[in-house]
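Taken together, the values in this text are just the output of simple stated rules run on the coordinates, not laboratory data. All values reported here derive from a predicted model rather than from experimental measurement. Reconstructed Cβ throughout: ideal geometry from the backbone, glycine too, with neighbour counts over all protein chains shown.
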Amino acid sequence: MSLSKSAPNFETENFSRAQQYGFLKDARYHQQFEAVLRQLPKKRDFTEATLPLASYAYFLMRDGNLEKSFQTYRTLFKENIEWINDIIFTFGEKAFVAYYTSKIKEGYDNFHSFVKHTKDADDQLYPKAAEIAYDNTLLTKSMAFKGVRKRKKAFLLSNSEEIKNVYNQWIAKKQDLMRMYQIFQTSQPRDKYLSIPETTYSIYEDSQEVLQQEVDLLENKLANEAKDFKSTLQVNTPDWKKTRNNLKPGEAAIEIVRFRLRDQIYYSDSIYYAAYIVKHDSKWPEVVYLPEFDKRLESAAISQYKNAIRYQLKDNHSYNDFWRPIGEKLEGIKRVFFSPDGIYHLISLPTLQNPETGSYLLDEIDIQNVTSTQYVGSTEKISVKTSTLFGRPSYKIDGRSGEKTTTNQRSFVQNFKGADVADLPGTKEEVVAIEEILKANNISPRSFLGNEASENKFYQLDNPDILHIATHGYWSENEGAVSAGYQVFNALVNSGLLLSGVVDYYQAPEPAFTNDGILTAYEAQNLNLENTDLVVLSACETGLGNVSAGEGVYGLQRAFRTAGAKSSITSLWKVDDEGTRDFMITFYKKLTETKDIRSSFHFTQQEIKKKYQTPYYWGAFVLIGN
């Protein structure tokens with residue numbers, strides 16, 4: 001398929017009429033849709049893509065014609081693959097996400113409702129539907145992330161100097177855009193430290209929008225220039241049986257899916273969570289639905305969990321809310337490869353306490369978070385030769401600022417503009433201790449402390465096997481108070497790591513067109529980490545960000561994975577300085593012994609739990625990887 005075959009004069013009115021008949025339950029919708037679908041393969045209408053198939057499949061399901069709905073869905077998924085392979089390289093990331101979300105994703109999401117209908121009705125289609133839903137989940141989960149990774153690999157591996165030059169221009173423009181944003185945000189009239197005329201404010205905003213357009217044009221040019229790579233980097237639908245065959249007895253793979261239930265009423269806000277479970281002897285994936293309290297998991301349940309962690313309270317509810325229905329299907333299972341979605345990205349499952357036994361999930365089962373269960377069985381022991389460590393940045397550069405304040409908590413930092421940022425002595429102790437462990441195991445560490453722990457040093461990174469960063473984290477959910485120009489950076493600008501000189505930058509009388517001492521997720525995704533095995537973000541809330549159903553968390557974790565890191569360790573809440581230091585030292589000692597990231601991480605949680613018994617101390621960090 002080629003977009004050049006798209007027909008802008010496709011009879012969109014016929015599709016609209018078919019939908020109208022369908023929503024009105026007018027029997028004429030069958031004839032109208034069938035006329036539209038006969039033309040769909042011939043016309044390749046770019047304005048509608050495969051939406052007519054998705055809509056017709058839903059109406060058939062709603063009206064109880066499950067067999068015909070099932071066949072329509074199968075046709076839809078076959079067509080979708082062609083469209084995805086065409087647009088995943090033709091568009092840049094932002095355009096791809098927008099098009100995929102508006103024209104293609106709906107059919108995949110709605111099929112989870114079809115699976116639930118067949119299961120509730122005890123229909124013979126259920127096993128096959130569950131298989132296809134699992135295959136689709138392996139394909140579509142983190143679809144945009146996969147597209148970014150494939151494009152980046154294509155650019156970097158290209159033998160074309162032109163593509164490499166355009167790629168370098170694109171990266172440079174993105175850096176300029178970030179600096180423009182820094183100046184723009186620092187100079188806003190509402191800032192209590194600086195004030196500029198509205199005319200100047202408008203110039204900044206216009207310049208930022210122009211620069212964003214230039215970035216988008218370069219990204220789209222890269223996508224077009226790399227079209228020769230399509231044949232080798234195409235997306236294909238995975239087979240759930242491969243996941244099953246890679247599981248050993250006593251192991252299970254779980255794909256969590258968040259979806260809106262489509263039933264008699266299409267535009268419903270009923271949120272469901274489904275757990276698709278596969279074991280080594282599964283005949284088909286088993287589907288479990290979480291308690292059917294509308295939106296409760298994303299409101300009262302998650303609030304209760306967070307409060308219990310924060311105030312170190314006994315939690316008799318979260319295990320039942322988030323795990324018990326799943327756990328009841330895991331008899332005899334000792335290890336789970338778990339691919340989260342939605343609210344499950346914000347939960348550290350090992351911290352859930354079984355109210356009946358008093359045991360934490362950490363002690364009942366080994367849960368290993370993965371981006372996708374497609375990668376079950378692909379983990380190998382790592383060979384670490386090089387490492388780069390950052391710690392205790394001088395947020396105020398020595399000799400230029402006053403006395404430092406200190407803290408024993410790597411707490412969330414929001415107001416660093418014109419305010420002091422507390423020093424973290426424990427991060428230096430942590431880095432020095434890790435450095436000694438690595439040296440003792442013939443691993444060459446390179447450490448940057450104090451003034452040297454600067455943003456510039458990150459842009460000089462060249463694929464260290466391990467990258468460890470100990471500092472304050474930065475995450476902001478306050479999108480409503482920011483400018484329209486800020487929105488183009490989405491959640492990737494809302495999260496970052498504070499480095500040397502950040503306070504100096506924001507206390508300066510005038511903003512400078514330089515780095516500001518914050519490595520945002522937007523900037524981190526462009527680092528050179530293609531061969532990096534592990535990134536450790538030893539700071540607070542580095543696992544947070546904007547949660548997107550099916551895509552994961554847009555924030556630091558995703559950014560470092562986009563940059564190429566195979567695995568990452570991030571935190572879900574504020575972390576204690578001393579407890580974190582102990583956690584990291586224990587982890588590196590075990591890692592240098594076993595060379596196995598996952599087993600070392602699980603061991604560390606158990607060891608730290610012996611000293612710090614509440615989950616607040618030992619459960620904050622989450623490991624996720626292939």
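Some observations on this one:
- Dipole of segment 572-626 [Lys/Arg +1, Asp/Glu -1 at C-beta], most positive-end residue of His602, Phe587, Val622: His602
- Packing-based exposure ordering (other Cβ within 10 Å, fewest first) of His345, His280: His280, His345
- Packing-based exposure ordering (other Cβ within 10 Å, fewest first) of Asp462, Asp122, Asp321: Asp122, Asp462, Asp321
- Judged by the gyration tensor of its Cα atoms, with axes a ≥ b ≥ c, segment 3-140 is oblate; a/c meets the 1.5 cut and b/c is at least as large as a/b.
- A crude spin-label estimate for the pair Gln264 and Asp281, with each label 7 Å from Cα along the Cβ direction, gives 4.2 nm.
- Segment Glu578..Lys164, full-extension length gain: 144.6 nm, with 0.36 nm per residue of separation and the alpha-carbon distance subtracted.
- Modelled label reach - Asp363, point 7 Å along Cα→Cβ, segment 606-626 residues with backbone N closer than 14 Å: 606-615
- Computed across segment 240-375, the Kirkwood hydrodynamic radius from all distinct Cα-Cα pairs reaches 15.7 Å.
- The packing ranking of peptides 603-616, 260-273, 583-596, highest mean first, is 583-596, 603-616, 260-273, where packing means the average number of other beta carbon atoms within 10 angstrom of each residue.
- Residue order, fewest to most surrounding Cβ atoms within 10 angstrom, among Leu66, Leu519, Leu537: Leu66, Leu537, Leu519
- Residues of type lysines that Lys43 reaches as a straight line, Cα spacing below 24 Å, ignoring anything fewer than 8 places off in the same chain: Lys5, Lys68, Lys78, Lys103, Lys105, Lys227, Lys230
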